[in-house]
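To start, the structure under review is shown below, and the notes come after it.
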Amino acid sequence: MEIVPSYLVDHTRLKAGLYVARKDRLGYETVTTFDLRLKRPYHDEVMETGSVQALEHICETFLRNDELWKDKIIFFGPMSCRTGFYLIVEGDIDTDTIYPLVERTFDYAADFEGEIPGSSPKECGFCMDMDLDKAKEDAALYYNLLISAKKENFNYPQPRKPRAKKA
């Protein structure tokens, strides 16, 4: 089998940031997947599950209600490694274009007050694992990174070469 392209990204050199992970054609349309990397792999502590789930609910609700983007949002969800989220949007989009939306989203999440959207047993498969305080802390850290980001926070490190196949 071919290696998944995201596994070619050298995660030991990856910074927290905002990256175009891939662009896919679906018929005549392009969809863009963004890597919203909140934590630097192997350097930062991964997000706690309660933070991940709370941020997923808060950010997804914000994104799907944003007047400019709501009709282009396909998916927002966590990476299983707990270092970030994927955001999939309709269109051939670059980081400069999506940046204001991501910045607004995490600014909103950092200051979120009230009941987490979709946080009842009828709305969520395991709503007991949500930590609003930790989610706000993680969102604030990412927001602060975004507003002071450097070039390396928007460009993946050069991919590593795939391992040679054994004969």
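The values are calculated or read from the model by the stated rules, or taken from the named source; none is laboratory data. This structure is a prediction, so every number in the text was calculated from the model and none was measured. Heads up, the Cβs are rebuilt from the backbone with ideal geometry, glycines too, and the neighbour counts pull from every protein chain shown.
One residue alone among 29, 56, 67, 45 is of a type in the set (D, E, K, R) and either buried (at least 16 other Cβ atoms within 10 Å of the Cβ) or touching a His at 6+ places or on another chain (Cβ under 8 Å) (or both), and that residue is 56. Select from region 130-164 the residues that are at pLDDT 95 or above and assigned to a loop (DSSP other than H, G, I, E, B) and list them in ascending order. Answer for region 130-164, where residues must be at pLDDT 95 or above and assigned to a loop (DSSP other than H, G, I, E, B): 130, 131. So if I check each of 56, 67, 60, 2, which one is part of a loop (DSSP other than H, G, I, E, B) and closer than 23 Å to residue 108 by Cβ? Residue meeting the stated conditions: 67. As a summary of the residue check, residue 1 satisfies the conditions (1) surrounded by fewer than 16 Cβ atoms within 10 Å (Cβ to Cβ); (2) within 23 Å of residue 154 (Cβ to Cβ) except for the one numbered (2). In region 78-86, the count of residues that are of a type in the set (Val, Ile, Thr), in a helix (DSSP H, G or I) and surrounded by 13 or more Cβ atoms within 10 Å (Cβ to Cβ) is zero. Taking interchain pairs and intrachain pairs at least six residues apart, which have beta carbon atoms under 9 angstrom, with the first residue in region 61-81 and in contact (Cβ under 8 Å) with a residue 60 or more places away in the chain and the second part of a loop (DSSP other than H, G, I, E, B)? Every condition considered, no pair remains.
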